[in-house]
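Every number here is computed from the coordinates shown, using simple stated rules; none is lab data. Keep in mind that what you see is a predicted model, and the values were worked out from it rather than measured. A quick note on method: Cβ atoms are made from the backbone with ideal geometry, for glycine too, and the neighbour counts reach across all protein chains shown.
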Amino acid sequence: MNAAMLRTPLVAAVAVASFTMSGLASAQQSDLEQRLADLEARVAAAEQRAQQAEARAASVEQSTAASGDESLEARLARVEEKADSDEGFAFGAYARSGLLIGDDHKSIPGGPGVTPAGPLGGNVGRLGNEPDTYAEAKLNYRQRYDNGAVADYRMMFADGVTTSNDWTADESNLNVRNVYVEFSELPSFTGAFEDASIWAGKRFDRDNFDIHWMDTDFVFLGGTGAGIYDVQLADSWKANFSLYGRSYSDFPTEESEITDDTDNLTLTANNFFGNWQWMVSGLSAADNDERDIENGSTAADSGAHTMVAYHGDSFFGLSEGNFKAAVMHGQGLGAEVKVVGGNGSLTEDATATRVGLYGTTYLAPKWRIAPAILAEVSEDRLAEGDKYSWATFNTRLANELTANFEMQYEATYQYMDLDQGASGNAAEGSYTKFTVAPTFKPQVGGFWKRPEIRVFASYSDWDEELNDYSADDAFGSEGFTGSQWSFGVQSEIWF
Amino acid sequence: MNAAMLRTPLVAAVAVASFTMSGLASAQQSDLEQRLADLEARVAAAEQRAQQAEARAASVEQSTAASGDESLEARLARVEEKADSDEGFAFGAYARSGLLIGDDHKSIPGGPGVTPAGPLGGNVGRLGNEPDTYAEAKLNYRQRYDNGAVADYRMMFADGVTTSNDWTADESNLNVRNVYVEFSELPSFTGAFEDASIWAGKRFDRDNFDIHWMDTDFVFLGGTGAGIYDVQLADSWKANFSLYGRSYSDFPTEESEITDDTDNLTLTANNFFGNWQWMVSGLSAADNDERDIENGSTAADSGAHTMVAYHGDSFFGLSEGNFKAAVMHGQGLGAEVKVVGGNGSLTEDATATRVGLYGTTYLAPKWRIAPAILAEVSEDRLAEGDKYSWATFNTRLANELTANFEMQYEATYQYMDLDQGASGNAAEGSYTKFTVAPTFKPQVGGFWKRPEIRVFASYSDWDEELNDYSADDAFGSEGFTGSQWSFGVQSEIWF
Amino acid sequence: MNAAMLRTPLVAAVAVASFTMSGLASAQQSDLEQRLADLEARVAAAEQRAQQAEARAASVEQSTAASGDESLEARLARVEEKADSDEGFAFGAYARSGLLIGDDHKSIPGGPGVTPAGPLGGNVGRLGNEPDTYAEAKLNYRQRYDNGAVADYRMMFADGVTTSNDWTADESNLNVRNVYVEFSELPSFTGAFEDASIWAGKRFDRDNFDIHWMDTDFVFLGGTGAGIYDVQLADSWKANFSLYGRSYSDFPTEESEITDDTDNLTLTANNFFGNWQWMVSGLSAADNDERDIENGSTAADSGAHTMVAYHGDSFFGLSEGNFKAAVMHGQGLGAEVKVVGGNGSLTEDATATRVGLYGTTYLAPKWRIAPAILAEVSEDRLAEGDKYSWATFNTRLANELTANFEMQYEATYQYMDLDQGASGNAAEGSYTKFTVAPTFKPQVGGFWKRPEIRVFASYSDWDEELNDYSADDAFGSEGFTGSQWSFGVQSEIWF
């Protein structure tokens, strides 16, 4: 074995070893390379993906953030503001329309003021007792100014007819009952006037409230004038002040053949202390004492009126619901205690005291009840020495039977003891009415939910003596002397 | 060569081999490292990019998905719902207003009911024949409830005057023609009532339909009452049921100097079977037979009315378009076959049969035609033994010339043979009118497209005998005795 | 040392070398592997991140780009179009309502036409001088068609009463003053008619303009008819052409006990050249010369009327503001130079010339002033040989005190020299009125800003001779003979 001989296998061994080692390294290497290559491919893909995702995000960002020069968000906010705005036009309505038919298949007299006490404000229950189509269309318009001030314009058309025909041009009573402007949130109003609003024009006062089931306000303050609402006189004392004019037109005077006109001006302070309300009004109608009321008494040319009311958050403290109770007293021109200033024929000594009260609650899950009382005594009203007393008790009951249907019931009783005053005979007696009214509504659930479509049957009766009281009222007219059945259908809506 | 000698080159060889191999590994290694480092950099960049993309996506997500607590999508959906809502107020109108001037440059009598047959419902073509400003303003309000129910309130003011002055307080006929509430989609209505809707109040019936070119309904059912629409009595049978009241006021009775009132009550079933309609009504007006119709005949206190109609989807099967055909028959109070219950002066034996028909189609691409026929025979109508016959043939032709302009033509012919009945002389004769009316409209394209502004010239003529028929109609009044040219302008709109 | 001996260490060396090299490679290898593994993990994370980012971007993209088949952007654009649309219903109004009370606490006569010159158009300042509730409700409806054409429907209800009561059915003057349709942007109108619009119906002309503080138009063109606006006759010449009808009803004729009717037709060209306006009208009322005007003169059956006016962009070139000046002249029926065609009692020789002028400007930052003059001379007006002259000077001054309050002042002076004409005595004299009116408004800042709520005190006086002029006007009626104080409140709004 020479060295070369020796070297050869050695070199071979080294070569083998080298080869082996290089093979080893190369195997590991190619695995790494493979992994690297895989990774590179994945990174390239991930890069592309990230780039695409970024591009997409950027594109979406651009489309939401700025199409043109306004972002989607800003554009949407502008549209939302428009859509949610309380500015501009708003439509409101009250309406009732239907048939009131007697058992002779002819129209029958009706209305909450159907009894002899009606002209004195002695309303009875209205359910199944209304013969008219009465509608109010309210066109309102609100403007909000850069300085934050708000102006509300309110206009109301009203019409009431008893004909069932569609074209009623001859019978139309269509007229404009409200036209006024009210300003609120005036920046220059501060202190006690911070939350105050002012108004002028022709209107129903904002704070009138009613006994719905007898269709009568507790107090109806309305006419043409101006006023201010919500003056904060103390922490728990807010007050309204207003001047309302009403017109007394073409009344007879003692100088024969001369009629005269005057205006009643009513200045009112309406105070609110928590649930309590105290309203006080002074009335003046210059020269109204020259009116000839045809019985020797002197007509009033001034008057006073006051009301204390409580607005309850529960059903007389007994259960959930609400109630309202008020006592009103008036003298002279104030002795028309509901429509303040509405009657110019009262004597200078006239006095009237009225109490009103109602409440609503659920007796049981599907049974609602609403009892109400309204009563008045007035003296020296239309002539010195006269006296008129009446009291109405009314209860509306409703039983919600399905999502869209309820049975309504109403019982009303009125007692009256009426002096003859300026018009005819005295009379004493009582009136009762009972009504059943299957009623459809889009969604049942309370006394204030309208619209309603009702079918009804009513039975009413009264003392015969009441038929002779006045030739001007319905009682005693042909076929309407007592023991009356009436039937009908009616819709009622407000919004 | 000793072993050391031998070993040295071997070791060197091994070292070389080692070195070579290590060199080889190291070269491969550094390449890998480079690639790894590159990759690491790329991964870091990709990571950052992915992070940025994610951040951007998240930011956009947040801006679209939640600004405040509501996503853009949700906010937009809410605004869309408001914008697309059919709830709330909607305004509708019908109006026509213009001048109708004779060749003496003064107003000329006109109207589709201008002929002696007019009071009997014998209308003639209206184009170039209308002297009035008549407008209906419809104030509608829709409410949709949580339970899915829908309430629609509809109120319509209407006025019609013939004066051209702007201030028309003295001539005003403004009145409230519609006030009603309709409920649909009531959840508690199921089975045959699933698609039914109910209504109450004062309205025109939903399913009245008219011959527009003579301004007359086939049947006009309207008044105050209540009803139900779309009761599904069988697969192909839908029916409406309604009770409509109308008032007969202050009519003379045989007891001299006493007038009386009553109500007509119409109970109607209106049935639809595919294209066919069958309407049947019973009428009752208690004590209307006490009315003095001043000719010895007895006034009807009841009646019956029926109509069979076909609503065609083509122009009489001949071409595209539509047609409607109907025959009506009535007895007693039903003998006023159009305005059901609208005439309380009919005798108890009165009968009337009317046929009506019209169609519309395109004769050629720009030429539309609408022929119409209306004819009636009635007997014992206003007095026993009387007989009234009339027939009107009318054709409206229109040639669309530009996007905004078309020529309209109308020819109308009416034959009438009228007994004297309660009012004056008998008469027989015919009336013809031909009108050319260049007409502007925002977009031409059909008979029902309004508004239109038209200029027109009409020539009308009639038999002289018709001038003496009645002192109450226009025929025979000063300067209106035949061979009349009239000219005018008029706008008409509905929406 | 044998070869095996030799070989062993060599192999060992080779093995060592191999091992060493392999160890070296393996150390490098494991570092690389570690880095690779780290990288793989990072890539996986980055991939996931990119995927998530992409998914998020895609999701946002989808939510903004296509929920359903519409993108947020497209949906928003659709809602924006709806929200910003000028199509559909729009409500407009003018209204004033308040009290005007004398120092006897009763309503006092008033109105801008209160003086004897009033019936001739001789208005005086209105501030603190208006006794009525007057309201206009405008129901407008705009439709835009696929071809670009626009149709505007306009309807206006108006009512004016002086009673202060809310229910005014008996006094109601509610009527429909405007009912018309106007088309604009008609694609088939080109050339001179490119910007023209056409209208027909009952309306106030678009281009009437007024002296607000005296409540009088310069020219009031109105009635029922048709016309075209904005015909471009030359580069600086635009013109309107119209035909307006007005009705003369039930006037006496010389044949006793027969009344007659006719129509006045007014054809007008109203030309605009920059700030200048030239209006020219021809009037015709067939047979109006048969009217008995009860003084031997012959009534006009035709007339002519013209006006040249300048609409200034500054306060008479002196300061910022505006002014308008016009001179009108009319003959025959055109001698009622304001209400064109509005008076059928004018003689055939009647002539009248009127000048009117007003301007508004700021005197100082918070002081606005608006002087106005209106004067007329007419001859042979109501009878041959008569002559009526009057001139009114009026200035309204306002001092803006807070954001919501300003003091307004008005002084008015009218001189009149009136022939007896058809009605009673001649009279010459003057009338003055001065008014202070503290005024609330949502935002002060100009004469045209409404609504306003004002309180006011006015003092008016006039020559005693004016009291005897006519029994039909207020002057000389009980308690209204001069030196009058009046007080009141009023709201006024327009939009």
Indicate the gyration tensor shape class of segment B:112-264 (rounded, prolate or oblate), computed on the Cα atoms with a ≥ b ≥ c the square roots of the eigenvalues: a/c under 1.5 is rounded; otherwise a/b larger than b/c is prolate and the rest oblate. prolate
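Taking neighbour Cβ counts within 10 Å as the exposure measure, how do C:Tyr94, B:Tyr134, C:Tyr358 sort from fewest upward?
Numbers: C:Tyr94 16, B:Tyr134 20, C:Tyr358 24.
In order of increasing Cβ crowding within 10 Å: C:Tyr94, B:Tyr134, C:Tyr358.
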Of C:Thr402, C:Leu418, C:Ala350, farthest towards positive along the dipole that unit charges on Lys, Arg, Asp, Glu beta carbons give segment C:349-460: C:Thr402
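How high is the relative contact order of segment B:147-230, given as a whole-number percent (alpha carbon pairs under 8 Å, six or more residues apart)? All intermediate terms of the calculation are to be shown ahead of the outcome.
On the way: 146 pairs, mean separation 21.1, N = 84.
Contact order relative to length: 25 percent.
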Check cross-link reach from C:Lys82 to the lysines: straight Cα distance under 16 Å, and skip same-chain residues fewer than eight apart. A:Lys82, B:Lys82
Exam field: B:Lys449 pseudo-label spacings to other copies (7 Å along Cα-Cβ), nanometres: 4.7, 4.7
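Treating only the Cβ of Lys, Arg, Asp and Glu as charged (+1, +1, -1, -1), what charge dipole size does chain A show about its Cα centre? Round to the nearest 20 debye.
Values: 35 positive and 76 negative charges, 785 e Å.
Magnitude of the dipole: close to 3760 debye.
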Rank by packing, highest mean first: peptides C:211-224, B:78-91, C:396-409, with packing defined as the count of other Cβ atoms within 10 Å averaged across residues. C:211-224, C:396-409, B:78-91
Shielding by other protein chains, C:124-135, mean Cβ within 10 Å: 2
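Counting alpha carbon pairs within less than 8 Å and at least 6 residues apart, what relative contact order, in whole percent, applies to chain C?
Details: 1187 pairs, mean separation 53.1, N = 495.
About 11 percent, as a whole number.
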What is the magnitude of the charge dipole of the protein assembly as shown about its Cα centre, with +1 placed on the Cβ of each Lys and Arg, -1 on the Cβ of each Asp and Glu, and no other charges, expressed in debye to the nearest 20? 10880
What is the local net charge at B:Phe157, summed over the other residues whose Cβ is closer than 11 Å to its Cβ (Lys, Arg +1; Asp, Glu -1)? -1
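What list do you get for A:Ile369, C:Ile198, A:Ile493 if you sort them by fewest beta carbons within 10 Å? Each step should come with its number before you reach the end.
Numbers: A:Ile369 18, C:Ile198 21, A:Ile493 24.
Ordered by Cβ neighbours within 10 Å, fewest first: A:Ile369, C:Ile198, A:Ile493.
Can you give the net charge of the other residues whose Cβ lies under 14 Å from the Cβ of A:Ala364, counting K and R as +1 and D and E as -1?
-1
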What average count of beta carbons from other chains do you get within 10 Å of the Cβ of residues in A:90-101? 6
What are the ³J(HN,Hα) couplings of segment C:268-284, residue after residue, when phi is run through the Karplus curve with 6.51, -1.76, 1.60 and θ = phi - 60°? Round to Hz, x for glycine and proline. 10, 10, 10, 10, 10, 10, x, 7, 8, 10, 10, 10, 9, 9, x, 10, 8
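Hull surface divided by four, with the convex hull built on the Cα atoms of chain B: how many nm²?
Working: hull surface 178.9 nm².
With every direction weighted equally, the projected area is 44.7 nm².
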Working note, segment C:392-495: Cα radius of gyration (Å, one decimal) and Dmax (Å, whole number) are 17.0, 52
Pick out, from A:Ala383, A:Trp485, A:Ser249, the residue whose Cα sits farthest towards the positive end of the charge dipole of segment A:86-494, with +1 on the Cβ of Lys and Arg and -1 on the Cβ of Asp and Glu. A:Trp485
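What shape does segment B:306-403 take by its C-alpha gyration tensor, where a ≥ b ≥ c are the square roots of the eigenvalues and a/c under 1.5 counts as rounded, a/b above b/c as prolate, and the rest as oblate? Let's see the in-between values first.
Working: a/c = 3.54, a/b = 2.65, b/c = 1.34.
Prolate is the answer for segment B:306-403, as a/c is 1.5 or above and a/b outweighs b/c.
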Let me confirm one metric for peptide C:71-79, namely the mean number of other chain beta-carbon atoms within 10 Å of its residues' beta-carbons. 6
In terms of Cα to Cα distance under 16 Å, which lysines are near enough to A:Lys441, apart from those fewer than 8 places away along the same chain? A:Lys366, A:Lys449
Report ³J(HN,Hα) in whole Hz for each residue of segment C:214-225, in order, from the Karplus equation J = 6.51 cos²θ - 1.76 cosθ + 1.60 where θ = phi - 60°; Gly and Pro get x. 10, 6, 9, 5, 4, 10, 10, 9, x, x, 10, x
Could you give the Stokes-Einstein D for the protein assembly as shown in µm² per second, using the C-alpha Kirkwood radius, 4 °C, 1.567 mPa s? 33
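Take C:Ser30, C:Ser197 and order them by how many other Cβ atoms sit within 10 Å, fewest up front.
The most exposed by this proxy come first: C:Ser30, C:Ser197.
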Exam field: A:Thr402 pseudo-label spacings to other copies (7 Å along Cα-Cβ), nanometres: 5.9, 5.9
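What shape does segment B:177-238 take by its C-alpha gyration tensor, where a ≥ b ≥ c are the square roots of the eigenvalues and a/c under 1.5 counts as rounded, a/b above b/c as prolate, and the rest as oblate? Display every interim value, and only then the final one.
Numbers: a/c = 3.30, a/b = 1.55, b/c = 2.13.
Cα axes put segment B:177-238 in the oblate bin.
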Using a label point 7 Å beyond Cα on the Cα-Cβ vector, give me the inter-copy distances for B:Ser319 in nanometres, one decimal, shortest first. 7.2, 7.2
Magnitude of the charge dipole, segment A:444-495, Cβ model with Lys/Arg +1 and Asp/Glu -1, debye to 20: 680
In degrees, nearest 10, range 0 to 90: what is the angle between the Cα axis of helix A:3-65 and the longest Cα principal axis of chain A? 20
